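> One structure coming up, written as structure tokens, with questions to follow.
What follows is calculated from the coordinates using simple rules that are stated; it is not laboratory data. Small disclaimer: the values here were computed from a predicted structure and weren't measured. Here the Cβ positions follow ideal geometry from the backbone for every residue, glycine too, while neighbour counts run over all protein chains shown.
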Amino acid sequence: MREKVKKVLEENYPEIDFESSTELVDDGILDSLTMVGIISALSMEFGVVLPYEDIIPENFNSIDAMVELIQKFS
Amino acid sequence: MSYNSLTFILFFAVYLVIYLCMPRVWLRQGVILVGSLVFYRYAGRLTPLAILLLTSMIVYAASLRIAKIYDGYEVEKEGLSAKEQAVLFAGYKKKSRKYLWAALALILGILIYTKAGRLLHWTEAGKLSELFQWKAYIVPLGISYYTFSSVGYLLDIYWKKAKCERNYFSLLACMSYFPHIVQGPISRYDKVLKQFHTLPGFSYERVCFGLQRMLWGYFKKMVVSDRIALVTSNVFSAPSEYAGVEILIFVILGAVELYADFSGCMDIVIGAAQTMGVTLEENFKRPFFSKSAAEFWRRWHMTLGVWFKDYIYMPIAMNPKFMKLAVSVRKKSGNKAGQIFSAAIPLGVVWILTGLWHGTGADYVVWGCYWGTLIILETVLAPEMKKWTQKLRIDTTTFGYRLFQMIRTFLLFCIGRMITVTGSLEGFALMLTGLFREHRLWVLFDGSLYLHGLDQKNFAVVFFGILLMWGVDIMQEKMKIRESLGRQPIVLRWFVYYGVIAFLLIFGMYGSAYDSGAFLYDAF
């Protein structure tokens, strides 16, 4: 699952190094525009609907956090 | 009672002494509530206080109702998987939705009514009884700010992102809290309420830091902003009389005036809150150092930007129907088109609404579209820009390139300011054409630049003030100035404090002819 998430992220945003930080949102590497794109790509790939109340920085700060979020709803 | 009036300074001095003498948290909360209501009563009129109380009751009743419904969810969710919990919570959200919508309709209805009244030139009511006359309206002080914070608070409770306040008087104290009600920052009530429950006692360092910040705010407002206003008020009310370099200079000064005014006000209110042990959210982070339009709006009026991001942009972008649409665009036209679609539509909505928040005229709609278009283009063209800079072998990491980006962003801000500063699109057109009609370079040498409300001495004071603000901003990028100053010997510290006070007293704009009622952002 982790590799698949990483592949989706890198295909959509090749300019971002997703392994560079575990505070991707808090460090300003991911802004709201990018987050929307990521959520859209992950939803399409894994067929999950992420509730708005779970769209919080903590769930997008690292690849592992995103994997955990998808697993929670798949 | 404007923040820069003598009445406010006297009010705050008395208030702070009483506040700091209170030995218990609940007594300090009480002083905040009474002080804020007294401030609001004398800053506005009795009728707006009634409207504020009505809004607070609506917010309190709806938030409590939603929280009570969710109490059932907390009991039922035990032992369920995350997915089952999500399904269960969706059911509870549905149950609470009618209370949310009713409260939002009522509080936004009041805001829209006041905005529409102003737009349609209805009669402004002085008393509550006059409000029930045909085509009468009233503008409660800070209505846009407390309404936006209230909407955010209700939505956060609905999404379970914030804890509901169950004590009405604490919520009222938070809503009416005098440092943030007039011009923001647009606070997240849950964050402020959390601090209200643990208000600390007296701390010499904290009170000193708060007062220092207030002093710096007064410097920006009374020495720089109000002095520049002497000339810009003349120029922007008759734009056809000016041309070329004159317009360029006055538009740049107008941009600095707005920054000094609004950020100065934020320094005053954030400093005032700090003396009480309350940390309000920052609203400015040296915006003129921004390298792009998007970055500028992450550094200028930050709490408004975050509000629109959290409560308009993200809910639209994350809406399941919109997501489906974005996914189908992505499938049909590729990843890039999908990304652009998901970003551009919500951004467009956000910027039209941001324009309407600032004003209801056509100029503000154009202003919103201007910034929306710039930010969307920046996002869409970013990869192409990167390719071009690589092809042209431009080193984007050099100071020179960063400086170019900063100047470009500042000029884009100046153009944006020109759209609304005269009050009409005709005025904007006059300024824009005037800029290229003739150069008028001679005004730089023959002294005529000093004939429009700001003489040579005052120009020099403004220039010095801007240099000082700029220097402080540069230092703030690298260090915490007040903390560093606090570590210096006492003689040096007090030399700086007395220096700023003396500068304020000598060069500040006040006295019998001075109108202290006008902060540029207090009319919302």
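> By what distance, in whole Å, do the Cα atoms of region A:2-73 stretch along each of the three principal axes, largest value first?
Here the spans come out as 26, 24, 20 Å, largest first.
> Treat every Asp and Glu Cβ in region A:2-73 as -1 and every Lys and Arg Cβ as +1, leave all other atoms uncharged, and give the resulting dipole magnitude about the Cα centre to the nearest 20 debye.
Using only the charged Cβ atoms, the result is roughly 360 debye.
> Right, next: Taking the number of other C-beta atoms within 10 Å as the exposure measure, put B:Trp122, B:Trp494, B:Trp159 in order starting with the fewest.
So the residues, fewest neighbours to most, are B:Trp494, B:Trp122, B:Trp159.
> Then there's this: May I ask which residue of B:Trp26, B:Ser81, B:Val59 lies farthest towards the positive end of the charge dipole of region B:6-202, with charges of +1 (Lys, Arg) and -1 (Asp, Glu) on Cβ and the Cα centre as origin?
Value computed over the given set: B:Ser81.
> Could you tell me how far the Cα centroid of region B:190-236 sits from the Cα centroid of region A:8-24, in Å?
Answer, in whole Å: 39.
> Report the one residue of B:Thr397, B:Phe428, B:Leu449 whose Cα lies farthest in the direction of the positive end of the charge dipole of region B:387-453 (charges on C-beta: Lys and Arg +1, Asp and Glu -1; origin at the Cα centre).
B:Thr397
> On a 28 Å Cα-Cα criterion, which of the cross-link pairs B:Lys194/B:Lys480; B:Lys94/B:Lys191; B:Lys161/B:Lys332; B:Lys309/B:Lys331 come out too long?
As for pairs spanning more than 28 Å Cα to Cα, those are B:Lys161/B:Lys332.
> Tell me which residues come under 5 Å, amide H to amide H, from B:Ala125 once H is placed; ignore anything under 5 positions away on its chain.
Residues meeting the criterion, in which the H sits 1.01 Å from N, are B:Tyr137, B:Ile138.
> Rounded to the nearest 20 debye, what is the charge dipole size of region B:6-120 about its Cα centre when +1 sits on each Lys and Arg Cβ and -1 on each Asp and Glu Cβ?
In debye, rounded to 20, region B:6-120 gives about 360.
> What are the ³J(HN,Hα) couplings of region B:320-336, residue after residue, when phi is run through the Karplus curve with 6.51, -1.76, 1.60 and θ = phi - 60°? Round to Hz, x for glycine and proline.
For region B:320-336, the Karplus curve yields x, 5, 5, 4, 4, 4, 4, 5, 5, 4, 4, 5, 6, 10, x, 4, 5 Hz.
> Enumerate the calculated ³J(HN,Hα) couplings along region B:430-441 in order (Karplus 6.51 cos²θ - 1.76 cosθ + 1.60, θ = phi - 60°), each rounded to whole Hz, writing x wherever the residue is Gly or Pro.
Listing the rounded values in order: 4, 5, 5, 6, x, 4, 10, 5, 8, 7, 6, 4 Hz.
> Using the scaling law 2.2 N^0.38 Å as the reference, what is the normalised Cα Rg of region B:322-402?
Against the compact-globule rule of thumb, the ratio is 1.41.
> Residue by residue through region B:28-38, which ³J(HN,Hα) values in whole Hz follow from phi under the Karplus form 6.51 cos²θ - 1.76 cosθ + 1.60 (θ = phi - 60°), with glycine and proline marked x?
Calculated HN-Hα couplings, in order: 5, 4, x, 5, 4, 5, 5, x, 5, 5, 4 Hz.
> Which of B:Met302, B:Met266, B:Met431 has the fewest other C-beta atoms within 10 Å, and how do the rest follow up to the most?
Listed from fewest to most nearby Cβ atoms, that is B:Met302, B:Met431, B:Met266.
> Can you give the charge dipole size of region B:6-202 about its Cα centre, rounded to the nearest 20 debye, using +1 on the beta carbon of Lys and Arg and -1 on the beta carbon of Asp and Glu?
240 debye
> Quote the convex hull volume per residue of the protein assembly as shown, based on C-alpha atoms, as a whole number of Å³.
Enclosed volume per residue, from the Cα hull, is 189 Å³.
> Then there's this: Divide by every residue of chain B the summed helix terms, -39500 (n - 2.57) for each DSSP H run of at least 4, and state the resulting mean residue ellipticity at 222 nm, rounded to the nearest 500 deg cm²/dmol.
After summing the helix terms and dividing by the residues of chain B, the value is -23500 deg cm²/dmol.
> Moving on. Among B:Phe296, B:Val327, B:Val365, which residue has its Cα furthest toward the positive end of the charge dipole of region B:275-371, with +1 on Lys/Arg Cβ and -1 on Asp/Glu Cβ?
Sorting the options by dipole projection puts first B:Val327.
> Using only Cα positions of chain B, each an equal point scatterer, no hydration layer, compute I(q)/I(0) via Debye at q = 0.07, 0.08, 0.13 Å⁻¹ and quote the log10 values to two decimals.
-0.45, -0.60, -1.51
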